[in-house]
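Let me begin by presenting the structure, written as structure tokens, before commenting on it.
The values are calculated or read from the model by the stated rules, or taken from the named source; none is laboratory data. All figures in this text were calculated on a predicted structure; none of them were measured in a lab. Note that we place each Cβ from the backbone using ideal geometry, even for glycine, and neighbour counts take in every protein chain shown.
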Amino acid sequence: MVSPTPIDSSKENTTDKYAQGSAAEAGLTNCRLCHHLTDSREQHCQYCNAQISPRVQRSVQITLSLLITSFLLYIPANIYPIMTTEVLGDRSPSTIIGGVVLFLSHGSYFIAAVIFIASIIVPLAKMFALAWLCYAATCRQNIDKYELTRLYRITEFIGKWSMVDVYVVAILVALIQLTGLMSIQVGIAASAFAGVVLLTMLSALMFDTRILWDKAIKK
Amino acid sequence: MAHSDDCQYNYACAECDLLIDMPAHIPHRTALVCPRCNHTLAVGHRNPKHHVVAVSITAIIVMVIALSFSFISFSANGQQRDINLFQASSELFAQGYYFVALLVLSFIIILPILYLLCLSLIIVNTQYKLHFISTHLLGRIASSILPWAMTEVFLISVLVALIKIVSMADVTLEISFWAYVIFATLFTYVASIVDSHRLWQWIAQGDKW
Ligand SMILES: [Zn+2]
Ligand SMILES: [Zn+2]
């Protein structure tokens, strides 16, 4: 193998590592916070002083580990009650799925569908999407970068909407405290579910979409 | 902008890292998208600084109103209960769910206000050449907290909660709720004008003086 004499030692071998026309290929690092282009040899952004690297380091590993933790937390979030309603001393705990079933049995199909989508479909879809992105970025050869980037954007956008469940519990718990008549207590699943949302959002933020665009040139 | 002079490109796409020559002027309400991955890089606006500072300060005042009055009132069997916005978090805290209480308080009240405050301070700082606080630090704070501000999500949650209980009691939306609706609208509006390209352009302008 004969490679042309490198003009700059730091720019050696970068051409086949990064996508054509990218800042990293040109020996520049794009700061994720302020978008200033700094020489790739620097450890800190020359403009805002944030720590930088051409690509988020160990992006896939960090994304995956946060994802697995959030998936493990998703289990207690569904098994344990998210809140307990107490009417005249009669306590009835309700889980997330229990809420959906309750609305279905009352014939309120629309509300049941809203809760089912927001608290079950969205978090699971988000986790599968992130897992798929990690898989595509590391193990697959021919990937549709444009579609995957779009998948990432959707995942990032819907991330915070899973908090709906936690806020609904927060409002109900604050509002329904009628002494001796009716009250609502938070359940342990609320903590678990808030953890799931927090971790999946962090996981999405840690995923660096630029590695998808770097892949194409490896033929 | 304070970008490196040895390179003809002054910007790189955040999502695909493509080098881009950013135009100095973007037409009003026109989105500039990355030619490779379609990521929205910046959106043009005629007079963004005045807009943002005016709307941000209005939103902060509206938030003060939202925090001062009662949010929702609820009555059943002759008992009545009023709650304010803080109680959405403090009641969780009182029941020992500190982690959830902290998240709720941050996402719906603290971080949105902090974001608007940072923006206002950056604009005032760069416009009047004041240097009482580092605009670079403010910019980093503003850029980091934006994904965690959830005003609109909270608003939808209030409606979902109301649907759940409206059949068993009388529920009234009070002043604070409407103030929060206005706050969320203004916040979303500001966040749609201030893309991070523009934010850091302002900060760089401030450096020149
Ligand atoms: Zn920076
Ligand atoms: Zn791009």
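Below is a table of values for the structure above.
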| read-out | value |
| --- | --- |
| Complete set of residues in region B:70-88 that are under 18 Å from A:Ser183 (Cα atoms) and more than 7 Å from chain A (Cβ to nearest Cβ) | B:Ser73, B:Ser75, B:Gly78, B:Gln80, B:Asp82, B:Asn84 |
| Flag if B:Val100 is more than 16 Å from ligand 2 (Cβ to nearest atom), outside any loop (DSSP other than H, G, I, E, B) and surrounded by fewer than 14 Cβ atoms within 10 Å (Cβ to Cβ) | no |
| Members of region A:176-197 found to be in a helix (DSSP H, G or I) and either farther than 21 Å from B:Ala161 by Cβ or in contact (Cβ under 8 Å) with a residue 12 or more places away in the chain (or both), listed by number | A:Ile188, A:Ala189, A:Ala190, A:Ala192, A:Phe193, A:Ala194, A:Gly195, A:Val196, A:Val197 |
| Whichever residue in region A:32-49 is within 16 Å of ligand 2 (Cβ to nearest atom) and under 16 Å from B:Leu146 (Cβ atoms) and, among such residues, is surrounded by the fewest Cβ atoms within 10 Å (Cβ to Cβ) | A:Arg32 |
| Qualifying residue in region A:57-73 (condition: buried (at least 17 other Cβ atoms within 10 Å of the Cβ) and either within 16 Å of ligand 1 (Cβ to nearest atom) or at pLDDT below 90 (or both)) | no |
| Residue satisfying condition, being more than 7 Å from every other protein chain (Cβ to nearest Cβ), free of Cβ contacts under 8 Å to residues at least 40 places away in the same chain, among the basic types (Lys, Arg) and not in a helix (DSSP H, G or I), within set A:Arg150, A:Arg140 | A:Arg140 |
| Selected residue [within 14 Å of chain B (Cβ to nearest Cβ) and under 23 Å from A:Ser191 (Cβ atoms)] from A:Gly98, A:Gly107 | A:Gly98 |
| Subset tally (residues that are more than 7 Å from ligand 1 (Cβ to nearest atom) and assigned to a loop (DSSP other than H, G, I, E, B)) for region A:22-34 | 6 |
| Test for B:Ile182: is it of a type outside the set (S, T, N, Q) and modelled with pLDDT under 90 | no |
| Some residue of region A:62-79 being in contact with a helix residue (DSSP H, G or I) (Cβ under 9 Å, 6 or more places away or on another chain) and not in a helix (DSSP H, G or I) | no |
| Any pair with Cβ under 6 angstrom, 6 or more apart, that starts in region B:22-45 at a residue that is farther than 14 Å from B:Ser192 by Cα and ends at one that is of a type in the set (Gly, Ala, Ser) and more than 11 Å from ligand 2 (Cβ to nearest atom) | B:Ile26/B:Ala42; B:Ile26/B:Gly44; B:Pro27/B:Gly44 |
| Which numbered condition B:Val171 fails, given (1) of a type in the set (Val, Ile, Thr); (2) in a helix (DSSP H, G or I); (3) at the interface with chain A (Cβ under 9 Å from one of its Cβ atoms) | (2) |
| Single unsatisfied condition, B:Ser144 versus (1) farther than 22 Å from B:Val62 by Cβ; (2) of a type in the set (Gly, Ala, Ser); (3) in contact with a helix residue (DSSP H, G or I) (Cβ under 6 Å, 6 or more places away or on another chain); (4) within 8 Å of chain A (Cβ to nearest Cβ) | (3) |
| Matching option when the condition is more than 16 Å from the chain's Cα centre (by Cα), on the phi < 0 side of the Ramachandran plot, surrounded by 18 or more Cβ atoms within 10 Å (Cβ to Cβ) and more than 10 Å from every other protein chain (Cβ to nearest Cβ), among A:Ala170, A:Ala189 | A:Ala189 |
| Subset of region B:1-39 (residues that are modelled with pLDDT of 90 or more and under 21 Å from the mean Cα position of the chain (by Cα)) | B:Ala14, B:His39 |
| Count - residues of region B:70-89 that are touching a residue at least 12 places away in the same chain (Cβ under 8 Å), surrounded by 15 or more Cβ atoms within 10 Å (Cβ to Cβ) and over 22 Å from the mean Cα position of the chain (by Cα) | 7 |
